[in-house]
Structures are given as C-alpha cells and as structure tokens.
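Laboratory data are not the source of any read-out in this text; all were calculated from the coordinates shown. Just so it is clear, the structure is predicted and the values come from calculations on it, not from any experiment. Ideal geometry is used to build each Cβ from the backbone, glycine not excepted, and the neighbour counts take in all protein chains shown.
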Amino acid sequence: MLKDAEKIKSLEIQGASNVAISAIQFLSDYAQRIGETITSEDLFNKLVEANTILFQTRATEPALRNGLNYITNRLKKKIDSLSIKEILELIASCKDEYKLLMQNSKKKIAEIGARRIPDVSTDDNFIIMTHCHSSIVNAILLEAKRQGKDHFKVVATETQPRLQGKKTVRKLLDAGIEVIHVIDSAMRWVVNHYEVDLIIIGADSITSEGTIINKIGSRLLALVAHEEHVPFYVASPLLKYNPQTSFGILEKIEMRDPKEVWEDAPEGLTILNPAFETVSRRYIDGLITEAGIFASSHVHNYFAKLYPDML
C-alpha cells in the first residue's frame, strides 16, 4: 500500500479524477491481496489503516476521500453479515460503482456546461478562458465542439510551475479547437485585450460555504473576471465536495516541492510553492455540476441528496 500511495504523493498520478480512481483501485487491490488470510474484522481494520495512508497522500483531494469513504461506509453497514468472499466482492463492486459515478457525472456536466456556449455563429468568435488542466472543463469544450459549435476559441494559461496548461492546449488542438496560449501573469491583459466572453475553471475541492479550491492563479482570474464583468463559472462533480467542512474542518492548501520552481536555487533562498488557492463564492456566477448549475453555497444540499453514502 505504501508504494501505491507514493505514486499519488509524488505526483506520478495527476488530476483529481485520476487520483480518486487510482486510490479506490489501490484499496480494492490491497483488500484482494490480504482478504483471504485474515478475519473480516481484521480486514476492515486494515482497510481503515489503508484509508488513512491514502488520505495523507494529498492535502486537497476530496474526490479521493469520498471514494474511499464510499467503500468503507458501505462495508461497515454489512460486514457483520458477510463472508470474506462476499466482502471482497462488495469492495470490488463499490469500486466499480464509484468509477461509474465519476464517469456519469463528467458526461452530465459536459452536456450542461456546453449549453453555456452559444450555438449561433457570430462575426466575432466567442472566447472562453480557462486555467490549468481540468478534464471536466475539457469535456465541456469537447462536447460543444461535438455539437457543431465551431465559432468559439479558447484562451488557456500556461499554469506555472508545472505547466499543466499545455495538457489542455494539446487536448483542444487535437480536437480542432482554436487555442490561444498565454503566460499566467498576463491574465488581466488577455481578458481585457481579447474581450473574453466566458471563464470556466475546474475545482480540486468545494467547501460547505461554497468556496472552491483550485490551482494557484484561480483567484487572480476570478478577480479579473469580477473587474471586467466576465461570467465566471466553476465546473466540478459534486464528488469534489468536502463534507467535513460543514463541521468546521478547514481544507489545507498543499505546499509543493520548491524544486518545481527552481531546481538549482541559490543557497539560503526561501521558495514558496503553494499548489492551490481559494476562490470565494462571491466571485462565482455558478457551479456547473451533474445536478445542474446553481450557487456554490448550495453544494451541501445537492451532495447530501445525490450521495448520502458519503456523508
């Protein structure tokens, strides 16, 4: 389990959805390896320990935690009445169910989000801006393209220091979508000079107050949108909601390796490399989810209705 966890911690596996799917796969594989040699009670305790290890791989990954809780909460309700074989089957089944939930939510968000992109061609291209690499935002843009909406173009930031924005650029270019690539510090300039019509970003976490946590630079873009009166949307599955925040637990901002910023930095230099930052609900025009588009402050109610097993 420690070797599997290290793949997430070291960023070998990237993207909130990929991290969550990998984590539940690791937990399921671990259960299959040890399950037939111990009692059901010991197996459950081992899985709780494994959950703790996987929880600690990333500070800001509620989709990972929700997936692991989905399995263990379901297991806790039935474990006393099941054989070891049935327990292992239930774990594998829950793993597949959670993967399907993620896939279906992504598909639904793509359909809903694509409706925010006009389907009538105009003389000037409709310009959408995004930041970092979000598979959910990409899904929206690709769905719009699939629907024949060919008149829009996308402004994508580079996203320092790991340049995840290049992944977005390549994905969109491969689909035949016109892209403008820009450095992070030119966000305000490009919104002003290119008359951006719509901004959509993803989210790594959503709190009970409707604050979202996303890649560093997201708040700057939200403030630019507010200043320039550009609609600002966050596209995210409800599975990235952190239920613990409704009980006062604060999401942590992950600080990453300074070497990402400067490999051979001068001795004695302090380098700060925060991976994420918050965006207040006051700057978010709408949260685009599998349950529809609504104010981000309503996220807890929608989550509780759709995913009661994860509370």
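Taking the Cβ-Cβ separation of residue 96 and residue 246 as r and a Förster radius of 35 Å, what is the calculated FRET efficiency to the nearest 0.05? If you can, show how the numbers build up before the last one.
On the way: r = 28 Å, r/R0 = 0.81.
The computed FRET efficiency comes out at 0.80.
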Item to check | Mean residue ellipticity (222 nm) of the chain, computed from DSSP H runs ≥ 4 via -39,500 (n - 2.57), nearest 500 | outcome: -14500 deg cm²/dmol
Checklist outcome for this item: Contour minus Cα-Cα span, residue 107 to residue 305, at 0.36 nm per residue, comes to 69.4 nm
Item to check | In Hz, Karplus ³J(HN,Hα) per residue of the range 202-209 (6.51, -1.76, 1.60; θ = phi - 60°; x = Gly, Pro) | outcome: x, 8, 9, 7, 10, 9, 5, 7
Checklist outcome for this item: Partner aspartates and glutamates whose C-alpha sits under 14 Å from that of residue 107, ignoring same-chain residues fewer than 8 away, are 143, 290
Item to check | Dipole of the chain, positive end: most advanced residue of 132, 261, 113 [Cβ charges, Cα centre] | outcome: 113
Checklist outcome for this item: XL table 240/305; 167/215; 7/106; 145/171; 9/252; 95/305; Cα-Cα > 18 Å flagged, in table order, is 7/106; 95/305
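With a/c under 1.5 counting as rounded, go ahead and sort the range 104-231 into rounded, prolate or oblate using the C-alpha gyration tensor (a ≥ b ≥ c being the square roots of the eigenvalues; past the cut-off, prolate if a/b is larger than b/c, else oblate). Walk me through the numbers on the way to the answer.
Numbers: a/c = 1.36, a/b = 1.14, b/c = 1.19.
Rounded, since a/c falls under 1.5.
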Item to check | Choice from 28, 135, 81 with maximal GNM fluctuation in the chain (Cα, 10 Å cutoff) | outcome: 81
Checklist entry - Considering only the other residues whose Cβ falls under 14 Å of the Cβ of residue 220, what net charge follows from Lys and Arg at +1 and Asp and Glu at -1? => result -2
Next on the checklist: Run the numbers for residue 192 and residue 298: contour at 0.36 nm per residue of separation, minus the present Cα-Cα distance, in nm.
Outcome noted: 35.0 nm
Checklist entry - Relative to the present Cα-Cα distance, how much length would full extension add between residue 174 and residue 33 at 0.36 nm per residue of separation? => result 46.7 nm
